[in-house]
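K.L.:
Supplied in structure tokens, the structure appears directly below.
The values are calculated or read from the model by the stated rules, or taken from the named source; none is laboratory data. Note that the structure is a prediction, hence the values are computed from the model and not measured. Methodologically, a virtual Cβ is constructed for each residue, glycine included, from the backbone with ideal geometry; neighbour enumeration extends over all protein chains shown. Only protein heavy atoms, including side chains, enter the accessible area calculation; ligands, DNA and RNA are left aside. Shrake-Rupley method; radii C 1.70, N 1.55, O 1.52, S 1.80 Å.
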Amino acid sequence: MTGKEILQELATQRRSDHQFIKWWRKENDFADYELIDNFIKDARPDQEFAGYSLLSIDQMWDLLTRMIPGQVKREVRTRGGDVVIWTREGTKGESQTHECPYIPESLMTIFDVTTRGNPIDR
């Protein structure tokens, strides 16, 4: 499957709740996750993929809570929408707590920092 084919399928199969794409290579050695809009912007038409799946923000949240249990929690707020409370170890070993809006970009940032931008095993 090529990037061009995936982009054509996205044009017809993407639902409004799909914010993320999980894709993997022909070698099937890893999976990567991206915001769909970034994937659309960066995918080359001749790039080869083995497959992909589309995820909603709630599905990405489930992935994060399984990857880093106890480090992220979601709080419902009456003003300003839901937030993510993310606790992680800082560069000097200290505990750092971040409050982020519960939006796709925040979840992607947490995912990228956690994985250090590296794809994860399938």
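K.L.:
Of all residues in region 1-40, which are farther than 16 Å from MET108 by Cα, open to solvent by 60 Å² or more (accessible area, probe 1.4 Å), in a helix (DSSP H, G or I) and not acidic (Asp, Glu)? Before you say what the answer is, go through the steps one by one.
P.N.:
At the first step, the residues of region 1-40 found to be farther than 16 Å from MET108 by Cα are 1-16, 24-30.
With the extra rule that they be open to solvent by 60 Å² or more (accessible area, probe 1.4 Å), the set shrinks to 1, 4-5, 8, 11-16, 25-29.
Next, from what is left, pick out any that are in a helix (DSSP H, G or I): 4-5, 8, 11-13.
Listed by number, the residues that qualify are LYS4, GLN8, ALA11, THR12, GLN13.
K.L.:
Here's something else I'd like to know. Would you confirm whether any residue within region 90-98 is at pLDDT 90 or above, within 23 Å of ILE36 (Cα to Cα) and open to solvent by 50 Å² or more (accessible area, probe 1.4 Å)?
P.N.:
No.
K.L.:
For region 45-59, name all the residues that are closer than 23 Å to GLU105 by Cβ and open to solvent by 60 Å² or more (accessible area, probe 1.4 Å).
P.N.:
Answer for region 45-59, where residues must be closer than 23 Å to GLU105 by Cβ and open to solvent by 60 Å² or more (accessible area, probe 1.4 Å): ASP58, GLN59.
K.L.:
Something else: If I go through region 71-84 residue by residue, how many of them are open to solvent by less than 70 Å² (accessible area, probe 1.4 Å), more than 26 Å from ALA31 (Cα to Cα) and either without any contact (Cβ under 8 Å) to a residue 12 or more places away in the chain or assigned to a strand (DSSP E or B) (or both)?
P.N.:
2
K.L.:
I'm trying to understand the selection: among the residues of region 50-70, which are part of a helix (DSSP H, G or I), polar (S, T, N, Q) and within 27 Å of GLU9 (Cβ to Cβ)?
P.N.:
Narrowing region 50-70 to residues part of a helix (DSSP H, G or I): 57-67.
Now drop any that are not polar (S, T, N, Q), which leaves 59, 65.
Selection gives GLN59 alone.
K.L.:
Another question about this same structure. Filtering region 1-42 down to residues that are small (Gly, Ala, Ser) and over 22 Å from ARG116 (Cβ atoms), which residue is nearest to the chain's Cα centre (by Cα)?
P.N.:
My answer is SER16.
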